[in-house]
Amino acid sequence: MFEIENPYLKEPLKSIEVKEKSISQLLKEMSGTGFQGRKLGEAVDVWERMIKDKDVTIIMGLAGSMSTTGQSRIITWLMKNHFIDVLVSTGANISEDIQDFLYGYYKGHWLVDDEDLLKHDIFRYYDVFTDGVKYRQMTELIREFLNTLKEGYPYSSREFCADFGKFLKEKKIDSILSTAYENKIPVFSPAIVDSEYGIAAVLARRKDKKSPILDQMKDFDELAKIGEKSEKTGVIYIGGGVPKDFTQLLTAIIGILKGEKLEYPHEYAVQITTDSPQWGGLSGCTFEEAVSWGKITKKENNRVMCYCDATIALPIITHALNERIKTKRQGKSLSDFF
């Protein structure tokens, strides 16, 4: 009697053996297990393939306030190795890394008297503290930069970030934007005023009579140029928010601009998030849902959503990439697009 093969029982799980091994090897073994451990292992596999695909332009969406948690040097490392070609960030991530370089953050606690922190000019980010007085000095640095901008000229956030990156580099301030400027990596921040940039801009407007103009439509047009001229795109989303949705919309505009009814989905996609899809908080939906919009590849092996705290997942994944990829990626030359 012949046993009929069950189509659902094809690939056995493998239990992890405890012994000395690299982070890369551990993640490889985790990809053969279950739940989010498997997704974490798959995330580094997809990102590695993305990096090794010479035809892909890699866009990172960086949400939240990751720079306060010791993650900003990971982002600059990715830029220096050209493991990302474009960054789309919240304003917080590209201002609070400056605070880290100039004045630092401190280990704190979430069980604390916040009224007493206020009396001592301490700002709290869950279990991280920073000096509130010095934080406002960082705001004044942004204000100083704003006073150097051309009056009446409509800046895209990419132009704004590039100019600020140059300004920071000249002041020898190591940051995400100065690293991006040095490595010719475009940085977009479509909701930049939702941060210290907004406070600095109001101060410049009210006190210095300077009114820098940011053109959000120009922002999206410039990102569209990158999409149009890229053979393929891949995305890495740390969190969701505006950076993710802004980048997802890129796939929809390309077909319209080309006068076709075709979609141009991202060929690779990785997202690290703790948002649950049923609350509508994923900023552009799950990758499976995004397939219906033509925004994400249909190839299941090229996309992975890992439901994990990014302060856990991002350091682990990038250290595995450091072990696996020993040659600096060429990266995409995008400066000629603008």
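Some notes on this structure:
- Selection of region 283-319 for residues being in contact with a Gly (Cβ under 9 Å, 6 or more places away or on another chain) and assigned to a helix (DSSP H, G or I) yields Ala290, Asn302, Ala310, Thr311, Pro315.
- For region 120-133, the criterion of being among the basic types (Lys, Arg), out of contact with any His (no Cβ under 8 Å at 6 or more places or on another chain) and in contact (Cβ under 8 Å) with a residue 24 or more places away in the chain is met by none of the residues.
- Among (1) of a type in the set (Lys, Arg); (2) buried (at least 17 other Cβ atoms within 10 Å of the Cβ); (3) assigned to a loop (DSSP other than H, G, I, E, B), the one test that Lys150 misses: (2)
- Any hit, region 259-267, residues being closer than 19 Å to Gly61 by Cα and part of a helix (DSSP H, G or I): no
- Enumeration of residues in region 174-216 that are over 28 Å from Leu78 (Cα atoms) and either assigned to a helix (DSSP H, G or I) or of a type in the set (A, V, I, L, M, F, W, C) (or both): Ile199, Ala200, Ala201, Val202, Leu203, Ala204, Arg205, Arg206, Lys207, Ile213
- Within region 294-315, considering residues that are under 17 Å from the mean Cα position of the chain (by Cα) and surrounded by fewer than 19 Cβ atoms within 10 Å (Cβ to Cβ), the one nearest to Ile23 (Cα to Cα): Pro315
- Checked against the criterion of being crowded, with 22+ Cβ neighbours inside 10 Å, touching a Lys or Arg at 6+ places or on another chain (Cβ under 7 Å), at pLDDT 95 or above and not hydrophobic (A, V, I, L, M, F, W, C), region 183-195 contains one or more residues that satisfy it.
- Subset of region 268-282 [outside any loop (DSSP other than H, G, I, E, B) and modelled with pLDDT of 90 or more]: Tyr268, Ala269, Val270, Gln271, Ile272, Thr273
The values are calculated or read from the model by the stated rules, or taken from the named source; none is laboratory data. On a predicted model such as this, the values are computed, not experimentally measured, just so you know. Every residue, glycine among them, receives a Cβ derived from its backbone with ideal geometry; neighbour counts consider all protein chains shown.
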